[in-house]
Each structure stands twice: as C-alpha cells, then as structure tokens.
Amino acid sequence: MGYDAVQYDDNNIFAKILRGEVPCHKVYESERTLAFMDLMPQSPGHILVAPKVKAVNLLDIPAKNLQDLIADVQIVARAALEAFSADGVSVFQFNGEAAGQTVFHLHFHIVPRYAGEVLTHHASEQVGEDVLEQQAERVRTVLAR
Ligand code: 5GP
C-alpha cells in the first residue's frame, strides 16, 4: 500500500515522441518543453505539455525545472483557448496509477472547455490524424502571431 515510485523508463511513449522516434502533432516546442495533441482527447483541442527533462511525474521533477514548465503550460493554455474559441480551459496532471496516470513521463493536460459540454472519458477514443493535425495547425497559427 502507499505510493509506489516508479523508475523512469526511457522507452515510455512520450520519451519516444521527445526523441522523434514516434510521430506526434506538435503545437509548440522550446528548449525545455514539447507540446502535442493528445491522441485520445477528452474534448476537441486536448493538448499535452511535457518537459524534455526525464521525470516520471510532478513528484520527481527537480523544482528548478518547474518554473519554465508551468510558464510553457500557460503559453499553450492561452493559445488553445484562442485557437478553439473555447469558453474555458482545464489544466490537469496525474501522479501514480491510482491517480489515473497511464504514461510515466510528466505531462500536463490542457483541455479546452465548451459551455454545457461534458468531457469524454480519459484516454478512451482515438481521433483521426487529419483532425489532430488541423487542430495542431490552429494552435501553431495563434502561437506564430
Ligand atoms: P495520463 O493518464 O498519463 O495523464 O495521460 C496520458 C495521455 O496520453 C492520455 O490522455 C492519452 O490519451 C495520451 N496518449 C497515450 N498514448 C499516446 C500517444 O502515443 N500519443 C499521444 N499524442 N497521446 C497519447
């Protein structure tokens, strides 16, 4: 019982995306961060923001890396709000399997919210690559301004 800290696995899917071994629909990249569309969005425009530093989740990332990461989360959240003309944006993040974490490389969920619309279940339904690419392009356009 209790929180069971997992070792960082270099072969987790986000590590592969960060190394460019697995494709993603990229919306934003900085020296420290990569943001890309979630394959199984909980609402249209769901984006993931991941640090390049190896960290399983919020509990093991060095505190010195957090300031830059949360600043990038804010950049992407603002851009998503505008790109999708959303009414709000939920930002969430899970630590440990019991908390709903399924990919063990730290990431923040940026989930645009639309008045009156409920979220679909976490990681349940895959959206077409063409739709994700169009959505990524909308965010990139906002960020390029
Ligand atoms: P967690 O439960 O770890 O907070 O969330 C992992 C998220 O990653 C889920 O929302 C899931 O839809 C998403 N996801 C899982 N595999 C992939 C993938 O290969 N590519 C992308 N872009 N998202 C993924």
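Can you pull out the trypsin sites (Lys or Arg not before Pro) in segment 1-30 that DSSP calls coil and that have at most 13 other Cβ atoms within 10 Å?
Values: sites: 16, 19, 26; in loops: 19.
When the trypsin sites (Lys or Arg not before Pro) of segment 1-30 are filtered for loop state and at most 13 Cβ neighbours within 10 Å, 19 remain.
Using the beta-carbon distance between residue 1 and residue 120 and R0 = 30 Å, what value does 1/(1 + (r/R0)^6) give for FRET efficiency, to the nearest 0.05?
0.45
Could I get the Rg over Rh figure for segment 1-56? Both from C-alpha atoms, Rh via Kirkwood, rounded to two places.
On the way: Rg = 12.8 Å, Rh = 12.5 Å.
For segment 1-56, the value is 1.02.
Could you point to the residue in 127, 114, 85 farthest towards the positive end of the chain's charge dipole, with +1 and -1 charges on the Cβ of Lys/Arg and Asp/Glu respectively?
About the Cα centre, the residue reaching furthest to the positive side is 85.
With all distinct Cα pairs included, what does the Kirkwood hydrodynamic radius of the chain come out to in Å, to one decimal, could you say?
Numbers: mean 1/r = 0.0645 Å⁻¹.
With all distinct Cα pairs of the chain included, I get 15.5 Å.
Could you report the chain's accessible area per residue, 1.4 Å probe, as an integer in Å²?
Values: 8140 Å² over 145 residues.
In whole numbers, the chain has 56 Å² accessible per residue.
If a paramagnetic tag sat 7 Å from the Cα of residue 98 along the Cα-Cβ line, which residues of segment 1-23 would have the backbone N under 18 Å from that point?
So the set is 1-7.
With a cut-off of at most 11 other beta carbons within 10 Å, and DSSP calling the residue loop, which GluC sites (Glu not before Pro) in segment 17-59 qualify? Please list them. Spell out each step's value before the answer.
Values: sites: 21, 29, 31; in loops: 21, 31.
Hits after loop and neighbour filter: 21, 31.
First measure r as the distance between the Cβ atoms of residue 127 and residue 11, then evaluate 1/(1 + (r/R0)^6) with R0 = 25 Å and state the FRET efficiency to the nearest 0.05.
Numbers: r = 25 Å, r/R0 = 0.99.
Working from the Cβ atoms, E equals 0.50.
How large is the dipole of the chain about the Cα centre if only Lys and Arg carry +1 and Asp and Glu carry -1, each at its Cβ, rounded to the nearest 20 debye? Walk me through the numbers on the way to the answer.
Values: 12 positive and 19 negative charges, 89 e Å.
Charge dipole of the chain: 420 debye, to the nearest 20.
Suppose a student asked you for the relative contact order of segment 30-131, using Cα pairs under 8 Å spaced at least 6 residues apart; what percent would you report?
Working: 157 pairs, mean separation 39.4, N = 102.
Result for segment 30-131 is 39 percent.
Mind listing which GluC sites (Glu not before Pro) in segment 41-145 are in a DSSP loop and have 14 or fewer other Cβ atoms within 10 Å? Display every interim value, and only then the final one.
Values: sites: 82, 97, 117, 125, 129, 133, 137; in loops: 117, 125.
Listed in order of number, the matching sites are 117, 125.
The values are calculated or read from the model by the stated rules, or taken from the named source; none is laboratory data. The structure presented is a predicted model; accordingly, all values stated were derived computationally and were not measured. FYI the Cβ positions are ideal-geometry reconstructions off the backbone, even for glycines, and counts take in every protein chain you see. For the accessible areas, the whole protein counts, side chains as well, though only heavy atoms, and no ligand, DNA or RNA atoms are used. Shrake-Rupley method; radii C 1.70, N 1.55, O 1.52, S 1.80 Å.
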